[in-house]
Structure formats: C-alpha cells, structure tokens
Amino acid sequence: EGGFVDWKKKGHEKFIETLRSLIPLLEGDLLHAKALEYLIDYDVLMKNYLIVLDNAAILKNYYPKIYQQIKPKIQGILYYIICEKGFEKIGLIYTLQILNQFTEAIPVSPYVTEFILDLTQKLHRIGMLKESIQLLEAYFQRSEVKLTTDKQHDMVLQLLDFYVKSGNQRKALE
C-alpha cells in the first residue's frame, strides 16, 4: 500500500523507474492496476499531477471500479491544478483533452465555472467552437452542478452565443 512506503528510502527511485518501464508489460493483468495505483500514490506525493492524470485515465478506461475508488483524489488534483493556474502552463488543447477525459470529476465551484467559461472562450477564439460547446454542455449538465443565478446566466449566454455561431438554431431556441 502506497501510504506505508518510505518513498525517500535509498533505492526507491530506481524501483519507481523500473516499475514505470514495466507498466506496458503488465497490461491486462490485475498487477497492472495495482502498479498504476502504486505509481499514482507516489506521484501524488511527489506532486507529479499530470503523470497522475495520465495513469488515472488508464485506470478509468481499463479498470473502472478501481478508478471509482480514486475519483475523489482526481477531483482534488483537478481543483488544485485549476486554482494554481497549472492548466494555463500546459496549453489549451492539452487542458481540453484532460478535462474531456475527466468530465465527471471536474470539481464544482464558482471559481471552476469561471475557469470553464474562460477556457471555452479561448478555445472558441482558436477555432474550436464545437469542442467549446461540448465542454460547456458537459459541465453545465452535471446534476451536481449548482450554480448561482449569475453563473447560470453567464453559462447559458455563452452556450447560446456558441450555438448561434455554430449555426445550431434548434439548440439556441431550446
């Protein structure tokens, strides 16, 4: 279990490096999931959050039950990255890719809502209108999203604007 390991113990870095190189060989085996969980625990402590998200995406796709156990941890990491403006450092498209992988884990808060609105505006400006609409819809439609009236208004107006710009009059009228 990752929580009981002395991560700084001499030789542990070599073990982690070896484990990372063995991950592809373990694919399809339950040891694969355990190794990924171990690496996720290690990378969380070392604040290697993008590596954590990469490994979590593998768990989500191949071991959904195990992913459900770490989903709160992923939600916390996404919130941390958003609050620390980490996504601004990795680029719009990579940020979109990550958020699309973890739409169900995007944290809910007024700050995150502002981040999503800003991100989708930037994506729209670089010609990614369809992707902007998809991300806004995914965030807006989550049942646990409880936005203030002002935030709902902002999100609806932005969606309406994007629907009109994309030529989707039916969605704009809804």
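Here the condition is being at negative phi and over 14 Å from the mean Cα position of the chain (by Cα); of Lys146, Lys71, it holds for Lys146 alone. Restricted to the range 101-123, and to residues there that are out of contact with any Leu (no Cβ under 7 Å at 6 or more places or on another chain) and of a type in the set (S, T, N, Q), the residue that is least open to solvent (accessible area, probe 1.4 Å) is Ser109. The residue that is least open to solvent (accessible area, probe 1.4 Å), among those in the range 71-89 that are of a type outside the set (Asp, Glu) and not in a helix (DSSP H, G or I), is Gly86. Residues in the range 36-56 that are open to solvent by 10 Å² or more (accessible area, probe 1.4 Å) and hydrophobic (A, V, I, L, M, F, W, C): Val44, Leu45, Met46, Leu50, Ile51. Tallying residues that are assigned to a loop (DSSP other than H, G, I, E, B), open to solvent by 60 Å² or more (accessible area, probe 1.4 Å) and not hydroxyl-bearing (Ser, Thr, Tyr) within the range 124-147 yields 4. When Glu114, Glu131 are screened for being among the acidic types (Asp, Glu), modelled with pLDDT of 95 or more and farther than 24 Å from Ile16 by Cα, only Glu131 passes. Of all residues in the range 148-165, those satisfying the criterion of being without any contact (Cβ under 8 Å) to a residue 40 or more places away in the chain, under 20 Å from Glu131 (Cβ atoms) and open to solvent by 60 Å² or more (accessible area, probe 1.4 Å) are Val156, Leu157, Leu160, Val164.
So that you can scan it fast, the table gives a plain yes or no per residue for (1) surrounded by fewer than 14 Cβ atoms within 10 Å (Cβ to Cβ); (2) of a type outside the set (A, V, I, L, M); (3) without any contact (Cβ under 8 Å) to a residue 12 or more places away in the chain:
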position	(1), (2), (3)
Lys60	no, yes, no
Tyr63	no, yes, no
Ile66	no, no, no
Gln69	yes, yes, yes
Gly91	yes, yes, yes
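Give the number of residues within the range 118-130 that are touching a helix residue (DSSP H, G or I) at 6+ places or on another chain (Cβ under 6 Å) and not β-branched (Val, Ile, Thr). Qualifying residue count for the region: 4.
The values are calculated or read from the model by the stated rules, or taken from the named source; none is laboratory data. A quick note: this is a predicted structure, and the numbers were derived from the prediction, not measured. Cβ: placed from backbone, ideal geometry, glycine included. Neighbour counts: every protein chain shown. Accessible surface is based on the protein model in full, side chains and every heavy atom, while ligands, DNA and RNA are left aside. Shrake-Rupley method; radii C 1.70, N 1.55, O 1.52, S 1.80 Å.
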